[in-house]
Amino acid sequence: MIQESKLTQHYIELEEQYGAHNYHPLDVVIDRAKGVWVWDVEGTRYLDCLASYSAVNQGHCHPEILKTLHDQAERVTLTSRAFRNDQLPLLYQQLHDLTGMEMALPMNSGAEAVETAVKAARKWGYEVKGIPEGKAEIIVCANNFHGRTVTIVSFSSEEQYRSGFGPFTPGFKIIPFGDAAALRKAITPNTCAFLFEPIQGEAGIVIPPAGYLREVREICSGNRVLMMADEIQSGLGRTGKLFAYMHESIVPDIVIIGKALSGGFYPVSAVLSSREVLGVFRPGDHGSTFGGNPLGCAVARTAVRVLVEEKMVENSAELGAYFLQELRKLRSPLIKDVRGKGLWIGIELTTAARSYCERLKDLGVLCKETHEKVIRLAPPLVITRGEIDWAMERIRKVLQ
């Protein structure tokens, strides 16, 4: 068993004393990482089965992304959007070639990208659809997670995310996830968009019924409502497809991406859409000092390139199916359900999951509970079958 040492405890005490307590991390203090492995300050090795909430799909410290970061940092890091830079147009073209989307608007964090998509949808609603000013509605799903800004928590159904942060931004309507009939019923002439996660991550890897996304696409098209897919966690290979919406062969009107867009080296996010939607923005309507900066764009270009060239998406599909198959062989009264797509898997327990994540940590496997009873497994997409077998030995010990 891995024991906390005085050095680990020293760092924990410093964090507890001087840091705001808005997280409840496992008590492991990481100081280096490579691929799917991380090491703590004592030199103990762990298999990372969280991948920084899917931000390091390409593996920790991918050498090509690291080289790009270093090379670009020596040239120019930030120009602001007051001037043009040579990396942003190349990222635009790459994202277009990858997705077919006509335009992109780069930001930094995922929450910023969601806010950008909300602003774009509302402005499109007023200027293109003709919704009366101040009346635009966006439909969202219960148990959603799109970020933590005041506007975003305004449409969360999780009480803790809202408690103490009101008053809230109006203009949102919550319906059950995976219920196409509820969406059809909720739409009014003032509905400008439907914002959803193709698979709900924070909710516990909740997968909608087969055909749901196709039906949503049909409903949105028939009612002139923008279909907005938040692919910040589910996108860029996590579910075994480049984007999770591709499992049902549809194309949303707006796709929101982030996290693995930079391979974990730098915060980069983007909103992808048509010229009709993103064309509503004019100079001064929206912006970000760091959004679209040359360092972030260069890193994103390499992060996306290695994801595709090194067939990480295919690895996610193949090894995700294998991991799921092995987990479903577990026989334990603790396990209520095992579900997932690609290398994004939830083990739902009959009891609180925290102590089991702590026991897995003690055996060298890092993962995290979500929605109290779900253990979320999301290793970097460069994981091998042998490394999954190594993790399974320890998962069996803890759960079986």
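General observations
- All Cα pairs of the range 63-309, percent lying beyond 35 Å: 12
- P(r) weight above 18 Å for the range 276-372, C-alpha pairs, percent: 68
- Annotation: cysteines of the chain without a disulfide-compatible partner (Cβ-Cβ under 4.7 angstrom) are C61, C141, C192, C220, C297, C357.
- Principal semi-axes of the equivalent ellipsoid, √(5λ) from the alpha carbon gyration tensor of the range 151-272, are 22, 21, 14 Å from largest down.
- Relative contact order for the range 303-400: 27 percent, from Cα pairs under 8 Å spaced at least 6 residues apart, divided by residue count.
- Sparse packing (at most 14 other Cβ atoms within 10 Å of the Cβ) combined with a DSSP loop state is found for the following chymotrypsin sites (Phe, Trp or Tyr not before Pro) in the range 1-46: Y23.
- Choice from V41, V118, V225 showing the highest fluctuation, given a GNM over the chain with Cα pairs closer than 10 Å: V41
- In order through the range 306-321: 3J(HN,Hα) via Karplus (6.51 cos²θ - 1.76 cosθ + 1.60), integer Hz, x for Gly, Pro: 5, 4, 7, 5, 8, 6, 5, 5, 5, 5, 4, 5, 5, 7, x, 5
- Across Q93, Q233, Q58, mean-square fluctuation computed from a Gaussian network of the chain (C-alpha pairs under 10 Å connected) peaks at Q93.
- Euclidean distance of C-alpha centroids, the range 1-71 and the range 163-212, integer Å: 33
- Given 13 as the ceiling on other Cβ atoms within 10 Å, longest exposed-site-free region of the chain for GluC sites (Glu not before Pro) in DSSP loops: 134-371
- Calculated diffusion of the range 225-292, Stokes-Einstein form, Kirkwood radius summed over Cα pairs, 4 °C and 1.567 mPa s, µm²/s: 98
- In sequence order, the range 55-70 has phi-based couplings of 7, 10, 4, 7, x, 5, 6, 4, x, 6, 5, 4, 5, 4, 4, 5 Hz under the Karplus curve 6.51 cos²θ - 1.76 cosθ + 1.60, θ = phi - 60°, and Gly or Pro positions carry x.
- For the range 113-127, Karplus couplings with θ = phi - 60° (6.51, -1.76, 1.60), whole Hz, Gly/Pro x: 5, 5, 4, 4, 5, 4, 5, 4, 5, 5, 5, 4, x, 6, 8
- For D337, distant residues with modelled amide H under 5 Å away: E348
- Max mean-square fluctuation residue, GNM over the chain, Cα-Cα springs under 10 Å, options D48, D253, D362: D362
- Coil-residue trypsin sites (Lys or Arg not before Pro) of the range 31-118, DSSP, other Cβ within 10 Å capped at 15: R84
- Mean Cα-pair separation over length for the chain, i.e. relative contact order, pairs under 8 Å, 6 or more apart, %: 23
- Net +/- balance of residues flanking I187 in space, Cβ distance below 11 Å, scoring K and R +1, D and E -1: +3
- Scattering profile of the range 1-77 at q = 0.23 Å⁻¹ [log10 I(q)/I(0), Debye over alpha-carbon scatterers]: -1.08
- Under 5 Å, built H, 5+ apart or other chain: amide partners of F172: I138
- DSSP bridge orientation in the chain - percent antiparallel, rounded to nearest 5: 65
- Relative to the Cα centre, the charge distribution of the chain, modelled as +1 at Lys and Arg Cβ and -1 at Asp and Glu Cβ, gives a dipole magnitude of about 660 debye.
- Compared with the rule-of-thumb size 2.2 N^0.38 Å for a compact globular protein, the range 100-188 has a Cα radius of gyration ratio of 1.15.
- Amide proton proximity set for V365, modelled H, under 5 Å, gap of 5+: L47
Quick note: the coordinates plus some simple rules give every number you see, no bench work behind them. Worth saying up front: this structure is predicted, and the values here are computed from it rather than measured. FYI the Cβ positions are ideal-geometry reconstructions off the backbone, even for glycines, and counts take in every protein chain you see.
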